[in-house]
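Below: one structure in structure tokens.
The values are calculated or read from the model by the stated rules, or taken from the named source; none is laboratory data. This is a predicted model, so every value here is computed, not measured. Neighbour counts are summed over all protein chains in view; Cβ atoms, including those assigned to glycine, are modelled from backbone coordinates with ideal geometry. All accessible areas refer to the heavy atoms of the entire protein, side chains included, with ligands and DNA or RNA removed. Shrake-Rupley method; radii C 1.70, N 1.55, O 1.52, S 1.80 Å.
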Amino acid sequence: MTDSRVVLVHGWGFGPAFWAPLRERLGWSDVAVADLGFFGGGQGVDPTSLAAFCQAGGPVLAVGHSLGFLWLASQVSLPEGSFLAGINAFGCFAARPDFSAGVAPRVLGRMIQGLDKAPLTVVNDFRARCGAAPLAEEMALDVPALTAGLALLREGDARTSLAGMQGRVAVLAGQEDPIVPQAMTVASLPPTLDPLWAKGGHLLPQTDPDTCAAFVEWCRQTMREMPL
């Protein structure tokens, strides 16, 4: 059986380079890396082209980190037989009547307002909470793209679609994730989807690329063994 195409989608406040340690461990050549455009775009496949790419062939192994997982689960129609893998992932982020474990929507609202005045401060404050290095002052930021990402975090809800994937989805989560705590992770996923746990925080593909690579390889092997 020919291996599936692979797509990697980064989270909010990051870019395609986020995946470099994981890609080095995997050593795969058949990987498309998305660029959600937070830093101006151009370093990977843009969202519109990526949606078309996913539909242009057979099944896809779609891997998303954080917002990237929610984006894949809610904004893209994956071909039949595809597999969705999440790292530091969630099916819903913002709190709502049936999801009290989420982040208060007003927090995201304040971040959206802050992007108009001091986008670099907003992004670097978030990256600091994640444990990532700050962006340089000369970094070009795309405020509309960043705003759209926060809006998806505030409004997006992929729980129903995840529940319908019938075993074709898996999540690797960080036990010490300050952005998506364990209780929030579990509550945001269907009851039948038990996340796998790794030591670490919100940046597992960078802080523990070996475990993440083993997880993605397991997802690909599982996909191979499942009937189309």
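Report whether or not residue 141 is touching a residue at least 40 places away in the same chain (Cβ under 8 Å), touching a Phe, Trp or Tyr at 6+ places or on another chain (Cβ under 7 Å), open to solvent by 20 Å² or more (accessible area, probe 1.4 Å) and within 30 Å of residue 119 (Cα to Cα).
So residue 141 fits the description; yes.
Which one of these does residue 98 not meet: (1) more than 28 Å from residue 134 (Cβ to Cβ); (2) open to solvent by less than 30 Å² (accessible area, probe 1.4 Å); (3) of a type outside the set (A, V, I, L, M, F, W, C)?
(2)
To continue, here is another question. Might you let me know whether segment 101-120 holds any residue that is among the hydrophobic types (A, V, I, L, M, F, W, C), more than 20 Å from residue 47 (Cβ to Cβ) and assigned to a strand (DSSP E or B)?
yes
May I ask you to verify whether residue 20 is farther than 27 Å from residue 187 by Cα and among the small types (Gly, Ala, Ser)? Full working, then the answer.
Values: farther than 27 Å from residue 187 by Cα: yes; among the small types (Gly, Ala, Ser): yes.
Criteria met by residue 20.
Say we look at segment 123-167 and pick out the residues that are modelled with pLDDT of 95 or more and charged (D, E, K, R); which of these is nearest to residue 41 (Cα to Cα)?
This residue is 142.
Within segment 152-201, work out how many residues are charged (D, E, K, R) and free of Cβ contacts under 8 Å to residues at least 24 places away in the same chain.
Adding up the residues that qualify gives 1.
Next up: Regarding segment 157-174, can at least one residue be identified that is among the acidic types (Asp, Glu), in a loop (DSSP other than H, G, I, E, B) and buried (at least 16 other Cβ atoms within 10 Å of the Cβ)?
no
Can you pull out every residue in segment 24-55 that is in contact with a strand residue (DSSP E or B) (Cβ under 9 Å, 6 or more places away or on another chain), among the charged types (D, E, K, R) and surrounded by fewer than 20 Cβ atoms within 10 Å (Cβ to Cβ)?
The answer is 30, 46.
Any residue in segment 58-69 that is of a type in the set (Gly, Ala, Ser) and modelled with pLDDT of 95 or more sitting within a Cβ distance under 6 Å of a residue that is crowded, with 24+ Cβ neighbours inside 10 Å and not in a strand (DSSP E or B)? List the pairs, counting only those 6 or more apart or interchain.
62/72; 64/72; 66/11; 66/88; 68/10; 68/11
Which residue out of 104, 85 is at pLDDT 95 or above and surrounded by 24 or more Cβ atoms within 10 Å (Cβ to Cβ)?
Exactly one residue qualifies, and that residue is 85.
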